[in-house]
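What follows is one structure encoded as structure tokens, with my remarks underneath.
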Amino acid sequence: MKRKIIVTGDGSKTIHIEDWNEQYHSKHGAIQEAYHVFLKHGLFALERSQVSILEIGFGTALNALITYYEAQKNGFTIDYVGVEAFPVSHGEITQLDYVSQLGENQLRPIYERMHDSPWGETIVLSPFFSLTKQQKDFFEVEDNASFNLVYFDAFGPRVQPKLWTAELFGKMYRALQTNGILVTYSAKGSVRRNLEEVGFSVERLPGPPGKREMLRAVKI
């Protein structure tokens, strides 16, 4: 499928898939969306300093990068697992240049190591952040009570509906510890119902710029 780099509403970039008319991040602001959905309503909502995170859709590693950055600033210790079936190319990563958009050039070697590190191996990026990338289908996730937080950042239900089913959300529920959180940019009614079907308590929250609502689900 044809892909191109586009500039989003906050000046940061994302990858646009023309055949799907779908982006890796919000066209209204890639960095704004990542902060609003995954940091503000995910990481910061946990109110704990040691956090184990599972990301469904590692993609460009934007969520991992800003999580690293905020962990450093706020004294968090993060164990981060990113699952991705189809890794982003190095050429695309260079064009996206999220480090410059964040204005934090000291993050450049960290971002490069995130992408250069071998799949299936845990690397220690700092005393407070370890990363394990797993190249596999999301349905292959079989963790049990291993995580405090899930960043659910798959392509939208319009183009990949099978990724937003009770079957996959059941795997997310089992992967989380009790009181663990799943956050996603989607607020579609079918997504909420599927989350509730597998046992999550779900709330609608104000969405990022350009989107009215998002969802946060808690394992109870």
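The values are calculated or read from the model by the stated rules, or taken from the named source; none is laboratory data. Keep in mind that this is a model prediction, so the values were computed, not measured. Here Cβ is always computed from backbone atoms with ideal geometry, including for glycine, and neighbour counts include all displayed protein chains. Note: areas computed on protein heavy atoms with side chains; ligands, DNA, RNA excluded. Shrake-Rupley method; radii C 1.70, N 1.55, O 1.52, S 1.80 Å.
Quick notes on this one:
- Qualifying residue in the range 69-81 (condition: over 16 Å from T184 (Cβ atoms), part of a loop (DSSP other than H, G, I, E, B), in contact (Cβ under 8 Å) with a residue 24 or more places away in the chain and in contact with a Gly (Cβ under 9 Å, 6 or more places away or on another chain)): no
- Within the range 139-153, the set of residues being surrounded by fewer than 19 Cβ atoms within 10 Å (Cβ to Cβ) and on the phi < 0 side of the Ramachandran plot comprises F139, E140, E142, D143, N144, S146.
- The condition of being of a type outside the set (D, E) and farther than 26 Å from A30 by Cβ holds for only one of N144, N148, that being N144.
- Residues satisfying the stated conditions in the range 196-208, i.e. farther than 15 Å from G156 by Cβ and either open to solvent by less than 70 Å² (accessible area, probe 1.4 Å) or of a type in the set (D, E, K, R) (or both): E196, E197, V198, G199, F200, S201, V202, E203, R204, L205
- The C-beta contact set for the range 4-15 (first residue under 8 Å from G29 (Cβ atoms), second residue in a strand (DSSP E or B), distance under 9 angstrom, 6+ apart or interchain) comprises T8/T14; T8/Q23.
- Just so you know, in the range 88-120 the residues that are touching a residue at least 60 places away in the same chain (Cβ under 8 Å) and either under 16 Å from the mean Cα position of the chain (by Cα) or farther than 20 Å from R3 by Cβ (or both) include one that is most open to solvent (accessible area, probe 1.4 Å), and it is L102.
- All conditions in (1) in contact (Cβ under 8 Å) with a residue 40 or more places away in the chain; (2) assigned to a loop (DSSP other than H, G, I, E, B); (3) within 15 Å of the chain's Cα centre (by Cα) hold for K211, with the sole exception of (3).
- Residue satisfying condition, being within 15 Å of the chain's Cα centre (by Cα), hydrophobic (A, V, I, L, M, F, W, C) and open to solvent by 10 Å² or more (accessible area, probe 1.4 Å), within set A85, A34, A61, A30: A85
- Every residue from the range 82-133 that is closer than 25 Å to D10 by Cβ, among the charged types (D, E, K, R) and in a helix (DSSP H, G or I): E92, R108, E112
- T184 satisfies every condition listed in (1) surrounded by fewer than 20 Cβ atoms within 10 Å (Cβ to Cβ); (2) closer than 21 Å to L43 by Cα; (3) in contact with a helix residue (DSSP H, G or I) (Cβ under 9 Å, 6 or more places away or on another chain); (4) not acidic (D, E) except (1).
- Filtered residues of the range 121-134 (kept if surrounded by 15 or more Cβ atoms within 10 Å (Cβ to Cβ) and either closer than 12 Å to I56 by Cα or charged (D, E, K, R) (or both)): K133, Q134
- Enumeration of residues in the range 37-58 that are without any contact (Cβ under 8 Å) to a residue 40 or more places away in the chain and either open to solvent by less than 30 Å² (accessible area, probe 1.4 Å) or not polar (S, T, N, Q) (or both): L39, K40, F44, E47
- Only one entry of F86, F169 meets the criterion of being among the aromatic types (F, W, Y) and within 14 Å of F58 (Cα to Cα), and that entry is F86.
- Qualifying residue in the range 163-175 (condition: touching a residue at least 40 places away in the same chain (Cβ under 8 Å) and outside any helix (DSSP H, G or I)): no
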